[in-house]
Amino acid sequence: MITEHLDEHTRFERYPFRDSVNAMVDKALDLMDLPAGLPEHIKFNDTVLQVHFPVKLSDGKYHTFKGFRAVHSDHYAPVKGGIRYSEAVNRDEVEALSSLMTYKCALVNVPFGGSKGGLRIRPKDYSVEDLERITRAFAKILIERGYISPSENVPAPDMGTGPREMAWIADTYRNLRPNDINYFACVTGKPVGAGGIHGRHEATGRGIQYIIREFFRHAEDVKLARLSGDLDGKRVVVQGLGNVGYHAAKFVSEEDGAKVVCIIERHGALLNDNGLDIEAVKEWMVETGSIKGYPNATFTEDGLGALETPCDILIPAALESQITKENAHRIATKLIVEGANGPVTAEADDILEERGIIVLPDALCNAGGVTVSYFEWIKNIQHIRFGRMQRRLDEYRGSKIVEALETMTGKTMPANLKSELVQGADELSLVRSGLDDTMRGAYQDVSEAFHRKDKITNFRTAAMYSAIEKLVFTYQNMGV
Ligand code: NAD
C-alpha cells in the first residue's frame with residue numbers, strides 16, 4: 001500500500017504549522033510562572049509584512065509575486081531568519097518559522113531576534129536570469145521597508161534559496177544604500193568570494209552532526225533512547241538531500257561511521273541495508289534531477305512510507321509536518337533528530353513520547369546555520385577574516401614548541417604530530433570550533449533542563465523552556 005501523499009498545500013491545511021508550534025510552546029509556558037499577558041506576547045509575531053509586486057520577466061510580460069517577511073521578536077537587533085522560496089509559502093508558515101528563529105537564537109546564545117521570510121514561487125519554473133530579477137525586486141521592497149539591513153533585519157538561505165540568492169540581495173542592498181560601509185552584513189550565507197564565511201554552507205548539517213555526537217556523550221540520554229555506544233555502525237534514515245540533509249548525512253557517514261540505509265527525496269526513496277554513498281547519490285541527483293534510477297539501491301515511490309524504515313536515527317531534513325498523528329505509530333526509529341523546521345507535529349510528538357522515541361527538536365538541532373550566520377555577520381562588520389591576525393603567530397609559537405621539545409629530548413618529533421602542532425587555525429577551523437562549542441553548550445543546556453524539571457518529559461519542552469527562560473530574562477532586564 002502506498003502511503004497517502006499530500007501536496008504541500010493540503011498538508012499545510014491539514015496540519016497548521018503555527019498552531020503546532022504554539023502548542024509546543026504552551027507546554028513549556030504551562031510550567032512557568034510568568035506575569036499575565038507575557039505568554040501571549042511571547043507567542044505572537046510583532047509584525048508581518050505581506051507584499052505583492054510585479055516583475056517584468058524575459059518573456060516580456062509582467063508577473064506578480066507574493067512574499068512575506070515576519071518579525072517575531074526584536075528584543076535583540078538585528079533580527080535574523082532565512083528567506084524561503086516555495087510554492088507553499090504562506091503567512092502562517094512564515095510566522096511559525098519566525099517564532100522558531102527567536103527560540104533557536106536564544107538556545108545557542110546568538111544575540112538576534114527572530115524573523116523569517118518567504119516568496120511564493122517554484123524556483124524550478126524560472127531561468128536564472130528571471131530568478132535574479134525576482135530576487136532583486138523582492139529584496140528592494142524589503143530594504144525600502146526596513147526588513148533588510150545590517151542593523152535591523154538580516155536574512156539567510158532557507159529552502160529553495162542559497163548563496164547565489166544571498167549575493168543578489170547583498171548587491172541590491174549595496175546599490176540602494178551606497179553609504180553603508182557594512183553593506184555585506186545585510187544578509188548571511190553569501191558565497192565566500194562575496195562577503196561570506198568558510199563553513200556557512202555546511203553549517204546546519206555540521207551542527208546536526210555535532211548535536212548527535214554530544215547526545216552520545218550523555219550516557220543517560222543514550223540509555224533513554226534505548227541506544228548504546230556512539231554513531232559508529234548506527235542505521236540512519238535521512239529525508240531531504242538538500243543543503244541540510246546532504247551535509248548531515250555526508251558527515252555522519254563519512255566521518256563517524258554511521259550507515260545511511262535510506263534517503264528519501266521528493267519523488268521517492270532509495271534503500272540499501274549496507275549503507276548508501278551520499279556523495280554518489282547527490283551527484284546522481286544533480287545530474288539526472290532525481291534519485292530515481294541510482295544503481296546499488298532499491299527505489300520506492302513511496303517516500304512517506306520510507307520514513308517508517310527501521311533505523312536507529314531518523315533525520316527529517318526536508319519540510320514540515322512529515323511525522324503526524326497518521327504515521328507516528330509506525331515510525332520505527334529510536335531517535336529523531338529534526339534537521340528541518342517542524343517535521344514532527346505536536347500531536348505526533350505525544351505519540352512518539354508514549355512510544356519512548358526520543359525527539360531532539362529543530363530549534364536545537366538545526367541552529368548551526370544561524371550560529372555560523374552570526375559569525376559571518378561579525379566578520380562583515382569587523383571587515384576582517386577570522387584568523388588573519390594570529391594564524392602565523394600561532395604557527396611560529398607551534399614551531400618553537402616543537403624545536404624546544406626536540407632539543408630537550410634529543411629526539412625528532414613524528415611528522416604528523418609536528419604538522420598538527422605547527423599549524424595555525426584558518427577561518428574554517430575556527431568556524432567549526434566555534435560551532436562545535438556552541439552546539440555542545442546548547443545540547444547541555446537542554447539536557448540539563450530536561451533532567452532538572454520533573455514535569456518536563458521530552459527534549460522539545462526542555463528546549464522551549466530553556467529558550468523562553470533566556471528570552472524572559474532579556475525582556476525583564478531590558479523592558480518589554
Ligand atoms: P533545500 O531546498 O536545500 O533542500 C530541501 C530538500 O528536500 C530538497 O532536496 C528537496 O528536493 C527535498 N524535498 C522537498 N520535498 C520533499 C518531500 N516531500 N520528501 C522528501 N524530500 C523532499 O532546503 P534546506 O536548506 O536543506 O532546508 C531543509 C529544511 O531545513 C527546511 O525545513 C529549512 O527551514 C530547514 N533549515 C535550513 C537551514 C539552512 O541553513 N539551509 C537552517 C535551518 C533550518
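What follows is calculated from the coordinates using simple rules that are stated; it is not laboratory data. For clarity, every value in this text was computed on a predicted model and none was experimentally measured. Quick reminder, even Gly has a Cβ in these numbers, built from the backbone with ideal geometry, and neighbours come from all protein chains shown.
Tell me, Kirkwood radius of segment 45-194 from alpha-carbon pair distances, in Å?
Result for segment 45-194, one decimal place: 15.2 Å.
Could you point to the residue in 305, 210, 424 farthest towards the positive end of the chain's charge dipole, with +1 and -1 charges on the Cβ of Lys/Arg and Asp/Glu respectively?
It is 424, whose Cα lies furthest towards the positive end.
Hey, for a label at residue 417 modelled as a point 7 Å past Cα toward Cβ, could you say which residues of segment 381-404 have their backbone N under 17 Å away?
Residues passing the 17 Å test: 398-404.
By how many nm would the segment from residue 454 to residue 407 lengthen if fully extended, with 0.36 nm per residue of separation less the alpha-carbon distance? Spell out each step's value before the answer.
Numbers: separation 47, 0.36 × 47 = 16.92 nm, distance 5.80 nm.
In short, 11.1 nm is gained.
Within straight cross-link reach of residue 56, meaning Cα distance under 24 Å, which lysines are found once same-chain residues fewer than 8 apart are removed?
66, 124, 140
Let's test the formula: R0 of 22 Å, r as the Cβ-Cβ distance of residue 347 and residue 120. What FRET efficiency results, to the nearest 0.05?
Values: r = 27 Å, r/R0 = 1.22.
The pair residue 347/residue 120 has a calculated efficiency of 0.25.
Would you calculate the separation in nanometres between label points at residue 437 and residue 399, each defined as 7 Å from the Cα along the Cα-to-beta-carbon direction?
2.7 nm
Multiply the residue gap between residue 177 and residue 266 by 0.36 nm, knock off their C-alpha separation, and tell me the result in nm, one decimal place.
The residue 177-residue 266 span can extend by a further 28.1 nm.
When averaged across all projection directions, what area in nm² does the alpha-carbon convex hull of the chain cover?
On the way: hull surface 102.1 nm².
Average of the hull's projected areas for the chain equals 25.5 nm².
Using the per-residue mean of other Cβ atoms lying within 10 Å as a proxy for protection, in what order, highest first, do the peptides 125-131, 315-321, 27-33 fall?
Per-residue mean Cβ counts within 10 Å order the peptides as 315-321, 27-33, 125-131.
With r defined as the distance between the Cβ atoms of residue 429 and residue 474 and R0 fixed at 45 Å, what FRET efficiency is calculated, to the nearest 0.05?
Calculated transfer efficiency: 0.90.
Using the basic label-point model (7 angstrom from Cα toward the beta carbon), what is the residue 301 to residue 57 distance in nanometres?
So the two model labels end up 2.8 nm from each other.
Taking the highest mean first, how do the peptides 187-197, 60-70, 241-251, 401-411 order by number of other beta carbon atoms within 10 angstrom per residue?
The densest-packed peptide leads the list: 241-251, 187-197, 60-70, 401-411.
Among the lysines, which have Cα under 29 Å from the Cα of residue 334 when same-chain residues fewer than 8 positions away are ignored?
Partners within reach: 27, 104, 223, 234, 250, 259, 282, 292, 325, 453, 455.
Can you compute the helix-only [θ] at 222 nm over the chain? Use -39500 (n - 2.57) per DSSP H run of at least 4 residues, normalise by all residues, nearest 500 deg cm²/dmol.
Numbers: 18 runs with 222 residues, N = 480.
The helix contribution divided over the chain gives -14500 deg cm²/dmol.
Pop a pseudo-label 7 angstrom from the Cα along the beta-carbon direction at both residue 329 and residue 47 and give the gap in nm to one decimal.
It is 4.8 nm.
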